[in-house]
Amino acid sequence: MSKERHYLPKGREIEIFTLAAENRLPVLIKGPTGCGKTRFVEHMAERLGRPVYTVACHDDLTAADLVGRHLIGAEGTYWQDGPLTRAVREGGICYLDEVVEARKDTTVVLHPLSDHRRVLPVERTGEMIEAHPDFMLVISYNPGYQNLLKGLKPSTRQRFVAMSFDYPDPEQEVVIVCQESGVDKQQAQQLVALGNDLRRLKDHDLEEAASTRLLIYAARMIGAGLSPREACLACLAQPLSDEAETLSAIERLIQAYF
Ligand SMILES: Nc1ncnc2c1ncn2[C@@H]1O[C@H](COP(=O)(O)OP(=O)(O)O)[C@@H](O)[C@H]1O
Ligand SMILES: [Mg+2]
């Protein structure tokens, strides 16, 4: 594995992202967990030579967590920029992962940054920061497990160039699993075939399908010496469900392969 974050393109996402970056447009990536969104953004940041500030959004994340806050130090209070403000000043990529989880007050700071204004209002200091030309806002979310209250408002989504990601095609996924784990091609092929069968099971019993990430975990555990069957149970069965019936359906599939 090389140090650079390797990314195998699935379609035209590299070209689209590059053009959005050149034209100073923000990007929205939607897709299921573990399909390569974060890896793609990290790869693009390296390609474009920009620092990336990744924020995993959660339901307590406020605008201040993104923008910054006053802290108390030895010499009194001082201001500390948050990740968004740093990216805005330096010309970096701010990547807000699972943005629908964040508190609604974050849209107040995201809107003026994601349209033609490209400014960040810092309420607490009264500053209005004009974004560096290389600043780029990237957000992602998983449309699969959105609760009704949460979705992204049209007024937010309509500020972004959007693309939809999915798990790679089987041939591509085999290459990715080999590269990321070091197992041989034949083992990767078996894992990917099993993964695709599990994805078909998804509609019936599972909330989330077996992701590329989990296939790589299983491959790494096999590479480290665990038997394929145990590795699949630990990486492709248990993480997917708590229900006995669903688990035994998955186990039967695993047994058919290993
Ligand atoms: N197109 C790809 N090229 C290279 N690796 C990939 C690709 N897609 C997925 N991966 C692998 O899958 C793992 C999980 O992807 P990640 O970007 O973390 O998913 P997400 O952010 O969508 O949840 C990555 O760490 C990487 O090893
Ligand atoms: Mg991610």
What number of residues in segment 28-54 are within 11 Å of ligand 2 (Cβ to nearest atom) and in contact with a Pro (Cβ under 9 Å, 6 or more places away or on another chain)? 6
Would you be able to say whether some residue in segment 175-185 is open to solvent by 70 Å² or more (accessible area, probe 1.4 Å), in a loop (DSSP other than H, G, I, E, B) and more than 16 Å from ligand 2 (Cβ to nearest atom)? yes
If we scan segment 47-62, do we find a residue that is over 24 Å from residue 108 (Cα atoms) and within 16 Å of ligand 1 (Cβ to nearest atom)? yes
Residue selected from segment 211-232 under the condition away from ligand 2 (no atom under 16 Å from the Cβ) and surrounded by 19 or more Cβ atoms within 10 Å (Cβ to Cβ), by the criterion farthest from the chain's Cα centre (by Cα): 228
Taking into account only those residues within segment 143-163 that are within 15 Å of ligand 2 (Cβ to nearest atom) and either modelled with pLDDT under 90 or open to solvent by 60 Å² or more (accessible area, probe 1.4 Å) (or both), which is nearest to residue 29 (Cα to Cα)? 143
Which numbered condition trips up residue 101, out of (1) open to solvent by less than 40 Å² (accessible area, probe 1.4 Å); (2) within 16 Å of ligand 2 (Cβ to nearest atom); (3) out of contact with any Leu (no Cβ under 6 Å at 6 or more places or on another chain)? (1)
So which pairs qualify, if the first residue must be in segment 33-60 and at positive phi, the second must be more than 9 Å from ligand 2 (Cβ to nearest atom) and open to solvent by less than 60 Å² (accessible area, probe 1.4 Å), the Cβ gap must be under 7 Å, and the two must be at least 6 apart or on different chains? 34/211; 34/212; 34/214; 36/165; 36/212
Restricting the first residue to segment 2-31 and requiring it to be hydroxyl-bearing (Ser, Thr, Tyr), which pairs with a second residue that is open to solvent by 70 Å² or more (accessible area, probe 1.4 Å) meet a Cβ separation below 8 Å and a spacing of at least six or different chains? 18/47
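The values are calculated or read from the model by the stated rules, or taken from the named source; none is laboratory data. Keep in mind it's a predicted model, so treat the numbers as computed, not measured. Neighbour counts are summed over all protein chains in view; Cβ atoms, including those assigned to glycine, are modelled from backbone coordinates with ideal geometry. Keep in mind that these areas ignore ligands, DNA and RNA; they rest on the heavy atoms of the full protein, side chains included. Shrake-Rupley method; radii C 1.70, N 1.55, O 1.52, S 1.80 Å.
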